[in-house]
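This report refers to the structure that appears directly beneath it.
The values are calculated or read from the model by the stated rules, or taken from the named source; none is laboratory data. Here the structure is a predicted model, which is why all the values come from computation and not from measurement. Glycine also receives a Cβ, built like all others from the backbone with ideal geometry; neighbour counts cover every protein chain displayed. These area figures cover heavy atoms from the full protein model, side chains too; ligands, DNA and RNA do not enter into them. Shrake-Rupley method; radii C 1.70, N 1.55, O 1.52, S 1.80 Å.
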Amino acid sequence: MSDILLLDTDVETSLRSAVRDLLTTRCDPSAVVRAYEGDRTLTRMLWKSIADDLGLAGLLIPEDRGGAGGTARDAAVVLEEFGRFVAPVPFLTSSVIAATVLLAGDSALVGQLGDGECSAALLTPFSTASVTQIPTLTADAQGRVSGRVTSVAGALDADVLLAAVQTANGTEVHALAAAAVTIEPVVSLDMTRPLADIIVDSVPGRVVVAAESGWAALQSGLTIGAALLASEQAGVAAWCLETTVEYLKLRRQFGRVVGGFQSLKHRLSDLYVEVESTSAAARYAAGTFAAGDPDSVIATAVAASYCSDIAVRAAEEAIQLHGGIGMTWEHPAHLYLKRAKADQIALGSPGHHRRLLADLVGLPL
């Protein structure tokens with residue numbers, strides 16, 4: 001086990017500031033709400049800025065392969081800020097999960113992802129956790145891929161889809177052109193990260209990760225995805241707490257500031273402890289990946305099981321403590337609850353990660 005710094009370094013502070021500044025000016029809640037109505041303008045414009053202005057599309061890709069050469073800690077900082085703004089961008093699905101899978105191969109696609117030329121998504125249901133059965137597609141002798149995968153995140157904005165294909169030698173990862181498959185959007189709770197069903201009908205595939213390393217690559221992508229999703233959940237929880245505290249310091253009732261009531265102070269104090277713990281668990285998990293620590297699997301299980309539930313609780317508290325205004329469409333609190341609820345079952349439910357943690361540390365259930 002390595003000593004993991006839980007506070008930002010100077011470089012991470014600068015990165016956080018740059019991401020927050022960009023999102024403050026280009027990702028206001030009213031624009032995010034329009035994403036629920038099918039307007040993809042914000043997603044396209046914001047993702048272009050993130051790729052071109054900040055160079056974050058290839059953050060986890062080494063510099064010698066065309067990326068920015070960042071670490072999981074850097075990605076965690078970015079995802080915390082994306083959580084604070086419920087940013088509708090495919091960073092998690094493309095720059096984290098798909099990029100990690102692709103790094104196990106030697107495809108030139110890695111470089112294209114790194115410089116923001118294209119984005120990619122892994123063809124698995126967004127609820128798929130590591131160490132579980134990953135749906136696979138089939139390929140004929142000519143390498144044409146067929147099959148159907150439901151509830152895929154990031155597919156609507158992807159140029160390339162990564163398909164797990166079962167072969168006699170093992171699981172290969174094939175790259176499919178998104179334009180060649182049928183993408184059927186589905187109504188999802190969090191429309192800032194829309195899901196889609198994917199139908200692949202004899203589409204030419206290109207092997208980007210060979211069979212000998214395909215399964216491990218998929219596991220790595222899903223595991224680091226779950227670990228860094230916890231940072232996004234920490235960002236969601238932090239925004240909910242801070243916004244609620246600020247509101248209760250101003251809202252007056254019965255001639256006094258609402259936040260002065262002791263019962264509310266106790267609720268917010270309890271929530272503060274939980275939110276700070278969420279941040280610590282998420283940063284520790286990211287830090288283990290950055291340090292190459294073998295504790296990363298256990299740290300991921302801890303962060304994924306804990307942060308999911310606290311993000312939902314923080315969002316629910318934010319809506320209730322905002323009173324009537326928190327229930328309205330115009331107030332952004334509902335965006336955070338929907339993101340938190342959708343994240344709660346993404347890449348493995350809290351129950352899955354608790355069972356996994358029990359197995360890893362030898363606790364009987």
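List of remarks:
- Most to least accessible of Thr100, Thr43 (protein chains only, probe 1.4 Å): Thr100, Thr43
- Carbon + sulfur, % of accessible area of segment 39-164 - ligands and nucleic acids excluded, 1.4 Å: 48 percent
- Listed residue (Pro29, Gly67, Trp47) projecting farthest to the positive dipole end of segment 20-85, Cβ model: Pro29
- Segments 12-24, 237-249 sorted - mean Cβ within 10 Å per residue, highest first: 237-249, 12-24
- Accessible surface, 1.4 Å probe, highest first, among residues Ile198, Ile298, Ile325: Ile325, Ile298, Ile198
- Charge-dipole axis of segment 119-258 as Lys and Arg at +1 and Asp and Glu at -1 on Cβ define it, positive-most pick from Leu176, Ala155, Gly225: Gly225
- Environment charge of Gly348, counting only residues whose C-beta is closer than 14 Å and scoring Lys/Arg +1, Asp/Glu -1: -1
- Straight-distance crosslink candidates among lysines, where the alpha carbon sits under 21 Å from Lys249 and sequence neighbours closer than 8 are dropped: Lys265
- Heavy atoms of Ile61 accessible to a 1.4 Å probe, total area in Å² rounded to 10: 0 Å²
- The calculated P(r) of segment 1-41, using every Cα pair and 10 Å bins from 0, goes 24, 30, 24, 17, 5 in percent.
- Placed amide H near Ser151: partners under 5 Å, 5+ positions off or other chain: Ala196, Asp197, Ile198
- The order of the peptides 116-125, 213-222, 46-55 by mean Cβ neighbours within 10 Å, most packed first, is 116-125, 213-222, 46-55.
- 0 to 90° range, to nearest 10: angle between helix 350-361 axis and the chain longest Cα axis: 70 degrees
- The chain, dipole about Cα centre (Lys/Arg Cβ +1, Asp/Glu Cβ -1), debye to the nearest 20: 1100 debye
- For segment 108-122, the Karplus equation 6.51 cos²θ - 1.76 cosθ + 1.60, evaluated at θ = phi - 60°, returns couplings of 5, 4, 4, x, 5, 5, x, 9, x, 5, 8, 10, 9, 9, 7 Hz by residue, with Gly and Pro reported as x.
- Cα coordinate range in the chain, projected on the principal axes (Å, largest first): 77, 47, 40
- Mean Cα-pair separation over length for the chain, i.e. relative contact order, pairs under 8 Å, 6 or more apart, %: 18 percent
- 1.4 Å probe accessible area per residue over the chain, in Å²: 42 Å²
- Rounded to the nearest 20, the Cβ-based charge dipole of segment 138-197 about its Cα centre (Lys and Arg +1, Asp and Glu -1) stands at 100 debye.
- Mean Cβ count within 10 Å, highest first, over the residues of peptides 310-323, 269-282, 251-264: 310-323, 269-282, 251-264
- Taking every DSSP bridge with both residues inside the chain, close to 85 percent are antiparallel.
- Around the Cα centre of segment 212-349, unit charges on the Cβ atoms of Lys, Arg, Asp and Glu (plus for the first two, minus for the last two) sum to a dipole of about 720 debye.
- What a 1.4 Å probe finds exposed on segment 217-365 is 60% carbon and sulfur by accessible area, rounded to a whole percent.
- Based on C-alpha pairs under 8 angstrom that are at least 6 apart in sequence, segment 1-158 has a relative contact order of 20 percent.
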